[in-house]
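Q: Once you've had a glance at the structure underneath, I'll fire off some questions.
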Amino acid sequence: MKTFTDSKNRSIELAVTVGSINRVKSALGINLSHYQQKTPDGGQPLVAALSGLDVCLLVDVLYWVSKPSLDLLGLDQEAFAESLEGDALARAQDAFMGEWSDFFRGLHRTDAVTVIEKGRNLIRKTITAANAKAESMLSDEQQTALVEKAFSSSATGSLGSSVSTRPPSP
């Protein structure tokens, strides 16, 4: 069992157990014991979606995995979702992914542990690469220069001369 704090600093316990797997399966049609399956819409591998690519699905899974703790706190699904701002959701995701991996580790299912951990690493590397790409884009000064060039008098004149002023033919 792992614990995370929500945006209101409440401590929430989550546990991946056969019971929580059954709750998720009944509510969402996702079988967490089949880590290799795709999301219900048939789009993404489950590990990728729960690693952060589908935050709404992640929050739904978190709700059902954390339900006993949430019931004690008197939180329904909507209140729980509202309590997960960015940092809190990241903490919950880390707790869930670690707990999910630990579930399979306890079953001696190293294949599943490897897939879950590799999936998490792939998402982290993708985010790092996207950040690096964004940082390498044009600086503010370069962007300003391009905008000024696009709207300079010579650019406007050439744009104006290429626009037809004839009325459309019937």
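The values are calculated or read from the model by the stated rules, or taken from the named source; none is laboratory data. The structure presented is a predicted model; accordingly, all values stated were derived computationally and were not measured. For neighbour counting, all protein chains shown are included, and Cβ atoms are generated from backbone atoms with ideal geometry for every residue, glycine included.
Q: With the requirement that a residue be among the polar types (S, T, N, Q) and part of a strand (DSSP E or B), what does segment 1-41 give you?
A: Thr3, Thr5, Ser11
Q: Moving on. Just give me the residues in segment 68-83 being in contact with a helix residue (DSSP H, G or I) (Cβ under 6 Å, 6 or more places away or on another chain) and touching a residue at least 24 places away in the same chain (Cβ under 8 Å), in sequence order.
A: Leu70, Phe80 - these are the residues of segment 68-83 that are in contact with a helix residue (DSSP H, G or I) (Cβ under 6 Å, 6 or more places away or on another chain) and touching a residue at least 24 places away in the same chain (Cβ under 8 Å).
Q: Mind counting the residues in segment 42-74 that are at pLDDT below 90 and in a helix (DSSP H, G or I)?
A: Total meeting the criteria: 12.
Q: Are there helices (runs of 4 or more DSSP H) fully within segment 76-148 with at least 3 residues that are buried (at least 18 other Cβ atoms within 10 Å of the Cβ) and either at pLDDT 80 or above or in contact with a Ser or Thr (Cβ under 9 Å, 6 or more places away or on another chain) (or both)? List them.
A: Output list reads 86-106, 110-135.
Q: Can we say Ile12 is touching a residue at least 24 places away in the same chain (Cβ under 8 Å), in contact with a Pro (Cβ under 7 Å, 6 or more places away or on another chain) and among the β-branched types (Val, Ile, Thr)?
A: no
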